Amino acid sequence: MASVIAVYFTAISLFSIYYKKEIEERVTSEINKNLVKPISIREISISAFSNFPFVSFSLHGVFVPKADSSNLPLLKLEKLQILFAPHNIVIKKFKVEEILFLNGFIDARVDSLGNRDFDIVFKRDSANTIKKDSNSISQFNLKKIKFENLTVFYENRFKGKRVHLVFKNTETHFSLDSKIFSGQMHGSLYSKEITLRPGTLLKEADLKADLFFTYNMKTKIFAFEKSILLAGKDSFLGQGSIDIKNQSFMTLNIKTKQADIQHVFRLIPERWSQKLKPLNLNGNIDADATIKISLLPGSQPNFNINFATQNFSVNNQKINVKIHNMNFAGNLTSTDSMKIENYKIAFENFSAVINQDDSVKAKNISLENFKDPVLKTEIKLKVKTKTLFDFIQFKDYSNVGGNVALDMNYHGKLNYLFGIKSDAPEMTGLINLNHVNLKLNKIYFAFDDLDGKINFQNDSIQMNKLAIRSGKTDMQVSGSAYHLFNSVFNDTTGLIMNVSFVSNKFYFNDFNTTSKNVQTKTSSSQSKKESPASPQKNIHVVANNKFILPYDLKATFTGKVANMFSRNFHGDNIELDIKLANKNVKIVESMNSFGGSMDFTSIFTPIKNEIHCKTNIRLRKFKLDQVFAAFNNFNQKILTSNNIRGTVSGDVYTYFKMNSSLVMDTNSIYVNGKYNITKLELIHVEPLMKLSKVGFDEKDLDRVTFDKISSSIIMKDHVLEIPRTLYVTNILFFYLDVTIQPDGESNFYILLPIKNMKKKPDTSGLTNDSKAGLSIPIKITGKAGKLKIL
């Protein structure tokens, strides 16, 4: 056996030396007579040892030029190796067992006019057909082709296609039977890019292939089945066909099991994956995709993809929340239109966790029209209020807390939820507020606690006993709001509200004219210096003859307040009706206060950059000491809550102006009222005590009681005037005019009739305008503590 082998190798070696020149010339001539430009081969070698039992025939430094005028290579190889059976070489019947392409590239291009630089073979008509030589190399019966480090680049600018692959270590097997060409390919390759209409597939991907394919030369249908493509740890099972006669129409079915979504993106057109990339999606997905597409320019795929996952996550700065543990089954479809308006995606049994412990569930979610998506869904959402605002990118607030549960049916534009102006959707559902605290930038007070349920339909909401607390104020609110979502999310006008409320305690200072110092909660490890209070800022509520109301609000508020507090003022059993509009604000109110009751109507009107307020007040049995205490004794020290008693009833008209920051212009205050005072008692009032100097007993002047008094009061330019009024007291009767200046300078004009000298003078017929008769005129002037009698 050793002798036979030695003889075999000796014979092959001698044969290769003897026939080498003939083989080189035969191979080169056979190739070149069919090529437009001659092939260049640096060296040809034959070996019986390297691939025993086959003889290897190797072409080194292969250079095949392009068909055009350039000198660039169409094919360039370090080595092209062909394996023959030894006995076939002896009989010169070249049956190829295997071909190896080693370290090289193929570069084929089609320009924008459709000219191909790879048409390197002569085209011959039937008249010039060369008689086939049975010994010609073209008669090789090829079984196997191997590729090691072969780069294939193909670009078609005429039809918009590009393929850039690197075959690292692959091999193919072919067979031909009745014009059906069959083959299979195994091994690994690297895909830099495969661009077919409508997009880029398999970009920058390490792949392992196990492909089985056929080509029917009669019907021109290329088909493949039971083909597996491995990308990393993910496998894709595919089958399909390309009908070259029918506009290169391709049908494709791909299945994958628990594939990494990042790897899946490499299998879909890049222009789609780039839009999804900012979402930073992670997780695994099962998918079954059917795609139909014409490979000719201008075609859009018609696809139907069913998919499911159990561990999806989304983490993107634009969404401002992390969505993870997503479970869903879905379906993605499109028609054969060029426009992405015809894409649709649907999810079933969708659930996910948002941030740490918030959740979302939906029975059905569908998105139609990928250009301007239309969303249909039945969704249940349980989230922190801040999470919800961050998700929908609503930024018009300075602080928020608490939780929101949402149960909603939604049919409308998806952009509406992201604050992008669009048509209002069809929405119905229920919002459950669980101790929500909220400070909106366009509203001048903070909601410290919102608790209750809100029903909504389309762009309107209905509140039913919604509990609200702001500061120490509590309210229970019912009512409706129209165009609310459109106004808030699109930051536009049109908000209308009709609200009724009930409050047990209402503190006016909780709704003051400066923004509250609302601070977010900090951990115990943080010092107070780390969260300083934000500076107060004055608001502006009027400009250009209009109130600046949030979203140009028009509203009606009706309510009942058990107790209202404002500085030293306290009212109870209040019934309130407020009408808000940008042209005026009208307030109608009735209340118990100062031990009596009051009805008033106020109208606030914006004029230029000011607010003008007119009020008509009807008072019943107000206790004077409480009135003086509430209004800081009207900034004077003569009549105070400590030295006056009695009840007052009357009708008063008031007028004043405020600036845009709701600061009152005290120079504008005007008061004109008529009143009756009963059970008036003055205790050690300095002007009366001065009467001791004109003969009255000081102990009688120390506590003076009055019969019923009917008078009027006028206040203008800070000057308080009480015109001539009859006062009948326990010691005397007199007529008094009072003028109190802004600086506290006071003038009391007293007419003291001589009839007081009588015992029990008759005063029953006297009025403010009665003639005093013979009287003693007394003028007391000065400031408190410095009064003097003139």
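Would you mind getting me the FRET efficiency between Thr767 and Asn441? Use the beta-carbon distance for r and R0 = 60 Å, nearest 0.05. E between Thr767 and Asn441, to the nearest 0.05, is 0.50.
Could you give the accessible area per residue of region 626-671, probe 1.4 Å, as a whole number in Å²?
On the way: 2340 Å² over 46 residues.
Heavy-atom SASA per residue in region 626-671 reads 51 Å².
Of the Cα atoms belonging to region 398-515, the radius of gyration and Dmax stand at 14.7, 42 Å.
Summing charges over all other residues whose Cβ lies under 14 Å from the Cβ of Gln258, with Lys and Arg as +1 and Asp and Glu as -1, gives -1.
Starting from the Cα-Cα distance between Lys33 and Ala85, subtract it from 0.36 nm times their residue separation and give me the gain in nm to one decimal. Don't jump to the answer; show the numbers that get you there.
Numbers: separation 52, 0.36 × 52 = 18.72 nm, distance 2.58 nm.
My answer for the length gained is 16.1 nm.
Assuming R0 = 51 Å, what is the FRET efficiency of Asn432 and Glu745, from their Cβ-Cβ distance, to the nearest 0.05? Efficiency, rounded to the nearest 0.05: 0.25.
Ligands, DNA and RNA are left out, and with a 1.4 angstrom probe the accessible area of region 683-745 is 49 Å² per residue. Exposure check, 1.4 Å probe, all protein chains in place: Leu100 carries approximately 20 Å² of accessible surface. Distance between the 7 Å Cα→Cβ label points at Ile714 and Lys168: 10.3 nm. Note on Leu113 and Ser478: the extension gain reaches 124.2 nm, defined as 0.36 nm multiplied by sequence separation minus the Cα-Cα distance. The aspartates and glutamates within cross-link reach of Lys716, meaning a Cα-to-Cα straight distance under 20 Å and a gap of 8 or more places when in the same chain, are Glu610, Asp651, Asp665, Asp737, Asp743, Glu745. For region 608-756, the C-alpha radius of gyration divided by 2.2 N^0.38 Å, with N the number of residues, is 1.14. Within a straight-line Cα-Cα reach of under 20 Å, Lys380 can be paired with the following aspartates and glutamates, leaving aside sequence neighbours fewer than 8 residues apart in one chain: Glu348, Asp357, Asp358, Asp390, Asp407, Glu426, Asp451, Asp459.
Any chance you could run the full-extension gain for Asn364 through Tyr154? It's 0.36 nm times the residue separation minus the Cα-Cα distance, nm to one decimal.
Values: separation 210, 0.36 × 210 = 75.60 nm, distance 4.40 nm.
The Asn364-Tyr154 span can extend by a further 71.2 nm.
Among the listed pairs Lys363/Lys439; Lys699/Lys783; Lys203/Lys255; Lys465/Lys608; Lys322/Lys344, those whose Cα-Cα separation exceeds 28 Å are Lys363/Lys439; Lys465/Lys608. Once you reduce region 727-746 and region 663-699 to the center of their Cα atoms, the two points are 5 Å from each other.
Take Val502, project a point 7 Å from its Cα along the Cβ direction, then tell me which residues of region 466-496 have their backbone nitrogen under 19 Å from it. Residues 466-470, 473-480 qualify, since their backbone N sits under 19 Å from the label point.
Applying both filters, DSSP loop and at most 12 other Cβ atoms within 10 Å, to the trypsin sites (Lys or Arg not before Pro) of region 575-635 gives Lys583, Lys608.
Seen from Asn667, the other residues with C-beta closer than 12 Å to its C-beta sum to a net charge of 0, counting Lys and Arg as +1 and Asp and Glu as -1.
Tally Lys/Arg at +1 and Asp/Glu at -1 over every other residue whose Cβ is under 11 Å from the Cβ of Asn643; what's the total?
Numbers: positive: Lys637, Arg645, Arg703; negative: Asp625, Glu681, Glu686, Asp702.
Net local charge, Asn643 excluded: -1.
Round to a whole number: what % of the accessible area of region 433-504 belongs to carbon and sulfur, probe 1.4 Å? Roughly 53 percent, rounded to a whole number. Can you work out D for region 552-653 in µm² s⁻¹ from Stokes-Einstein, where Rh is the Kirkwood radius over C-alpha pairs, the temperature is 20 °C and the viscosity is 1.002 mPa s? In µm²/s, the coefficient is 143. Keeping the other protein chains in place, figure out the carbon and sulfur percent of the accessible area of region 632-674, with a 1.4 Å probe. In region 632-674, the share of accessible area belonging to carbon and sulfur is 53 percent. Relative contact order of region 170-260, taken over Cα pairs closer than 8 Å and 6 or more residues apart, is 19 percent. Once the C-beta distance of Asn349 and Asn253 is scaled by a Förster radius of 30 Å, the resulting FRET efficiency is 0.75 to the nearest 0.05.
The values are calculated or read from the model by the stated rules, or taken from the named source; none is laboratory data. Since the structure is predicted, the reported quantities are computational estimates derived from the model, not experimental observations. So basically every Cβ, Gly included, is an ideal-geometry build from the backbone, and we count neighbours across all protein chains shown. When the accessible area is computed, the model is the full protein with side chains, heavy atoms only, and any ligands, DNA or RNA have been set aside. Shrake-Rupley method; radii C 1.70, N 1.55, O 1.52, S 1.80 Å.
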